[in-house]
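Accompanying notes for the structure given below.
Every read-out reported here was derived from the displayed coordinates using simple, explicitly stated rules and does not represent laboratory data. Everything numeric in this text was worked out from a predicted model, so none of it was measured. Glycine also receives a Cβ, built like all others from the backbone with ideal geometry; neighbour counts cover every protein chain displayed.
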Amino acid sequence: MNIPNWRPRMKSRSELTEHERAAELVILQQRIQACRLCEERGYIPAARPLVNGRPTDRVMVIGQAPGHRSVSKGRSFSGPGGSILQKWLERAGFPPGYLHDHTYLSSLTHCDPGRNPKGDGDRRPSPAELALCRPYLDEELRLLRPRVVLLVGSMAIETFCGKTRLDEIIGTFQERDGMLFLPLPHPSGVSRWLLAPEHQELLNKALKILSAWREKYQLA
């Protein structure tokens, strides 16, 4: 499938007016929703891309990929992981409902890659799928230019921070092009990593950083 005019503009976000930025983001979201590249190349049986967010959002969440619950509801982070992530935000001082009402929800791939053939959770998107969807994610970042980007799960963390151990990166952050990138573990109720007390302390450290940003940048 060829997507008409799919060539990122050269204007930076700072060169766009708020009206231009919002209009371009809407057009981008329409392109994402119309994309069927992974389906046409046989990576997934049916493409149902998810796009959730507003041009005014100042916090962006990047996960691995939407799951089947999110696709069925048409809203990212609709499963148990989303509920836990919302609780983490509340621990950082954000109000109930902030995750879905005030954050731009994105992921490395915008379609559900399906279940793991081995029956153990969701399938990780392949490098080919990631490459097809990456231009969309890059364009979302360019147009939204969020103050804070939450990298949720090891796959999102590695994409932006490189190969690393969770216990080495959780509780730290990186700043690039005026955006603050905060790694978070996957908010799964069955995550073995989160069972260790020392890992819970690293999560607490990350949430304290996020709480400080909430106050400093008036994010809530």
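Calculated mean residue ellipticity, 222 nm, the chain: -12500 deg cm²/dmol, from DSSP H runs (n ≥ 4) at -39500 (n - 2.57) each, averaged per residue and rounded to 500.
Taking the empirical scaling 2.2 N^0.38 Å for compact globular proteins as reference, the stretch 167-218 has a Cα radius of gyration ratio of 1.22.
Mind running the shape call on the chain? Use the C-alpha gyration tensor, a ≥ b ≥ c as the square roots of the eigenvalues: rounded below 1.5 for a/c, prolate if a/b tops b/c, oblate otherwise. Walk me through the intermediate numbers first.
Details: a/c = 1.72, a/b = 1.15, b/c = 1.50.
The shape class here is oblate.
At a threshold of 8 angstrom on Cα-Cα distance, excluding pairs fewer than six apart, so keeping six or more, what relative contact order does the chain reach in percent? Intermediate values should be presented prior to the final figure.
Values: 333 pairs, mean separation 49.0, N = 220.
Relative contact order comes out at 22 percent.
Multiplying the residue separation of T17 and D138 by 0.36 nm and removing their Cα-Cα distance gives an extension gain of 41.7 nm. Across the stretch 154-165, rounded Karplus estimates of 3J(HN,Hα) from the backbone phi angles (6.51 cos²θ - 1.76 cosθ + 1.60, θ = phi - 60°) give 4, 5, 5, 4, 5, 4, 9, 10, x, 5, 7, 8 Hz, Gly and Pro being marked x.
With just the Cα atoms defining each centre, how far is the stretch 178-220 from the stretch 116-134? Give it in Å. Cα centroid to Cα centroid, the span is 25 Å. Note on D177 and R91: the extension gain reaches 28.2 nm, defined as 0.36 nm multiplied by sequence separation minus the Cα-Cα distance.
Under 5 Å between amide hydrogens, built in the peptide plane, is the criterion, and for S107 it picks out G63 among residues at least 5 positions away or on other chains. Residues whose amide H lies under 5 Å from that of F181, counting only those 5 or more places away or on a different chain, are V149, Q174, E175, R176; hydrogens are built 1.01 Å from N in the peptide plane. Taking 0.36 nm per residue of separation and subtracting the Cα-Cα distance, full extension of the segment from D122 to V26 would add 31.7 nm. At a Förster distance of 30 Å, what's the computed FRET efficiency of E158 paired with R41, Cβ-Cβ distance as r, to 0.05? For E158 and R41, the calculated efficiency is 0.80.
What percent does the relative contact order of the stretch 134-202 come to when contacts are Cα pairs within less than 8 Å and at least six residues apart? Kindly include the intermediate steps, with their values, before the conclusion.
Numbers: 63 pairs, mean separation 23.5, N = 69.
Averaging sequence separation for qualifying contacts and normalising by length gives 34 percent for the stretch 134-202.
Take the Cβ atoms of A220 and A131, set R0 to 45 Å, and the FRET efficiency comes out at 0.80.
Distances between placed amide hydrogens fall under 5 Å for F77 paired with G67, all partners being 5 or more residues away or on another chain.
With a Cα cut-off of under 25 Å and a minimum spacing of 8 residues unless on different chains, the lysine pairs in the stretch 75-220 number 8.
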